[in-house]
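Enquirer: Quick one: this structure, given as structure tokens, is what I'll be asking you about.
The values are calculated or read from the model by the stated rules, or taken from the named source; none is laboratory data. A quick note: this is a predicted structure, and the numbers were derived from the prediction, not measured. So basically every Cβ, Gly included, is an ideal-geometry build from the backbone, and we count neighbours across all protein chains shown.
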Amino acid sequence: MVEGQRRVLPDARLFAEEMTSKTFRELTHPDDVIEYDEFIAAVAAGTTSSLERDRRYLHRDGSIVWVHVRAEVIRDPAGVPLYAVSHLQDITDHKRSEQQLRDSERRLRSLIDHTPSLVYVKGRDYRYQLVNSEFERVFGVRGDWIIGRRDEDILPASAIGRYEPRTGRSLTMVRSCRKKRRSSVTVGSVCC
């Protein structure tokens, strides 16, 4: 490690004494070491000169520190690597927030899927954005297939007429709310 890195890395909660006494390989999370070794091999072979990605490092207390790494290898006129310039940005809080969002979405999806009624979400263009497992079961479709489609794409005209009166109240209620909140989705539930 070079002296200049001491100014950047405290943001990543990696202490200067650790950074100057250890290699990147020693500080890198074990699952990310192979990727680091592949980058070094590619630099030595002359097939790459830069790297940009998120990587995990190990804090001395054992916790994981997520860092966005941007590294550029500086070469001499003959193409021989001289040194690397790296920029590291601590993104641990961002990664933690992403994980919390995924966990929240997973909980919401589980709740929706275990609801015995049909649940769906449509956009302003009336295309499906989300359906629950009961919807998939009743209509015999997969959720990934129906996303982006309209009722006309999946139901015969007679079925659309049969379900429309039940969903009409939801649509009317959402439309009246749209004027106040400018909502961009329609949420409905059909009880069978």
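Enquirer: At least 2 residues that are within 30 Å of P156 (Cα to Cα) in each: list the strands (runs of 3 or more DSSP E) lying fully within segment 61-145 that qualify. Write out each step before concluding.
Expert: Values: elements: 64-75, 81-90, 118-123, 128-131.
Those strands (runs of 3 or more DSSP E) span 118-123, 128-131.
Enquirer: Can you find a residue that is surrounded by 14 or more Cβ atoms within 10 Å (Cβ to Cβ), touching a residue at least 40 places away in the same chain (Cβ under 8 Å) and under 30 Å from R96 (Cβ atoms) anywhere in segment 40-63?
Expert: yes
Enquirer: Looking at the structure I just gave you, is V73 surrounded by 15 or more Cβ atoms within 10 Å (Cβ to Cβ), in the same structural domain as P30 (by TED's automatic domain parsing), free of Cβ contacts under 8 Å to residues at least 40 places away in the same chain and in contact with a helix residue (DSSP H, G or I) (Cβ under 8 Å, 6 or more places away or on another chain)? Spell out how you get there, then give the answer.
Expert: On the way: surrounded by 15 or more Cβ atoms within 10 Å (Cβ to Cβ): yes; in the same structural domain as P30 (by TED's automatic domain parsing): yes; free of Cβ contacts under 8 Å to residues at least 40 places away in the same chain: yes; in contact with a helix residue (DSSP H, G or I) (Cβ under 8 Å, 6 or more places away or on another chain): yes.
Taking the combined requirement at face value, the residue satisfies it.
Enquirer: Right, another one. Exactly one condition in (1) under 30 Å from R149 (Cβ atoms); (2) over 26 Å from the mean Cα position of the chain (by Cα); (3) surrounded by 15 or more Cβ atoms within 10 Å (Cβ to Cβ) is false for V131; which is it?
Expert: (2)
Enquirer: Among residues belonging to segment 20-37 that are charged (D, E, K, R) and under 18 Å from T48 (Cβ atoms), point out the one that is surrounded by the most Cβ atoms within 10 Å (Cβ to Cβ).
Expert: Step by step, filter segment 20-37, then rank; the result is D32.
Enquirer: Right, here's the next one. Collect the residues in segment 33-58 that are farther than 16 Å from L82 by Cβ and of a type in the set (S, T, N, Q), keeping them in residue-number order.
Expert: Of everything in segment 33-58, just one residue is farther than 16 Å from L82 by Cβ and of a type in the set (S, T, N, Q), namely T47.
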